[in-house]
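What follows is a set of notes on a single structure, which appears directly below.
The values are calculated or read from the model by the stated rules, or taken from the named source; none is laboratory data. Nothing here was measured: the structure is a model prediction, and the numbers come from that model. Here Cβ is always computed from backbone atoms with ideal geometry, including for glycine, and neighbour counts include all displayed protein chains. To get the accessible areas, we keep the full protein, side chains included, count just its heavy atoms, and leave off ligands, DNA and RNA. Shrake-Rupley method; radii C 1.70, N 1.55, O 1.52, S 1.80 Å.
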Amino acid sequence: QVQLVESGGGLVQAGGSLRLSCAASGSMLSINVMGWYRQAPGKQREMVATIMRGGVTNYAHFVEGRFTISRDNAKNTVLLQMDSLKADDTGVYYCWVVNLLTNYWGQGTQVTVSS
């Protein structure tokens, strides 16, 4: 089992920045992919950014150039630096990892961007 603990959400004005953090813990950790998804009210959950163990990243087109994902393999943490935030970025952000071919999700952290 893998436990994910997220932090860093909150309320920010449009144009501001937030940094999300997610720490994974548990036994037999061999995390290949880490990432962040988000879900806005009334919408489906969507991928925001992912990062492979070797550092290869993938971003959704709507955050390209504004968000930066990074990870620390030794600490099993993944960060999401969010800059130039827009009202459309409002939603619950979920940490996601794949460990030994199993998906795990965090509990979610609320990000609210006021216009």
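Quick one: how many residues across region 64-86 are under 25 Å from G15 (Cα atoms), part of a loop (DSSP other than H, G, I, E, B), touching a residue at least 24 places away in the same chain (Cβ under 8 Å) and open to solvent by less than 70 Å² (accessible area, probe 1.4 Å)? Within region 64-86, residues that are under 25 Å from G15 (Cα atoms), part of a loop (DSSP other than H, G, I, E, B), touching a residue at least 24 places away in the same chain (Cβ under 8 Å) and open to solvent by less than 70 Å² (accessible area, probe 1.4 Å) number 3.
Just name the residue that is least open to solvent (accessible area, probe 1.4 Å) out of those in region 50-62 that are of a type in the set (A, V, I, L, M, F, W, C) and without any contact (Cβ under 8 Å) to a residue 24 or more places away in the chain.
Restricting to residues being of a type in the set (A, V, I, L, M, F, W, C) and without any contact (Cβ under 8 Å) to a residue 24 or more places away in the chain, the top hit is A60.
For region 84-115, a residue qualifies if it is of a type in the set (S, T, N, Q) and at negative phi, and the qualifying residues are T90, N99, T102, N103, Q107, T109, Q110, T112, S114, S115.
Only residues that are farther than 23 Å from D83 by Cα and either open to solvent by 40 Å² or more (accessible area, probe 1.4 Å) or of a type in the set (D, E, K, R) (or both): list them for region 1-25, please.
Q1, Q3, S25
Any idea which residue in region 30-49 is nearest to Q1 (Cα to Cα), counting only those that are surrounded by 12 or more Cβ atoms within 10 Å (Cβ to Cβ) and of a type outside the set (A, V, I, L, M)? Filtering region 30-49 for residues that are surrounded by 12 or more Cβ atoms within 10 Å (Cβ to Cβ) and of a type outside the set (A, V, I, L, M), the one nearest to Q1 (Cα to Cα) comes out as N32. Screening region 87-102 for residues that are modelled with pLDDT of 95 or more and either basic (K, R) or surrounded by fewer than 16 Cβ atoms within 10 Å (Cβ to Cβ) (or both) and picking the one that is farthest from V48 (Cα to Cα) gives A87. Of all residues assigned to region 17-27, at least one qualifies as being out of contact with any Pro (no Cβ under 8 Å at 6 or more places or on another chain), under 19 Å from V98 (Cβ atoms) and of a type outside the set (G, A, S). Within region 103-115, the residues that satisfy the criterion of being open to solvent by less than 30 Å² (accessible area, probe 1.4 Å) and over 16 Å from A24 (Cβ atoms) are V111, V113.
Within region 37-44, not a single residue is modelled with pLDDT of 95 or more, among the small types (G, A, S) and part of a strand (DSSP E or B).
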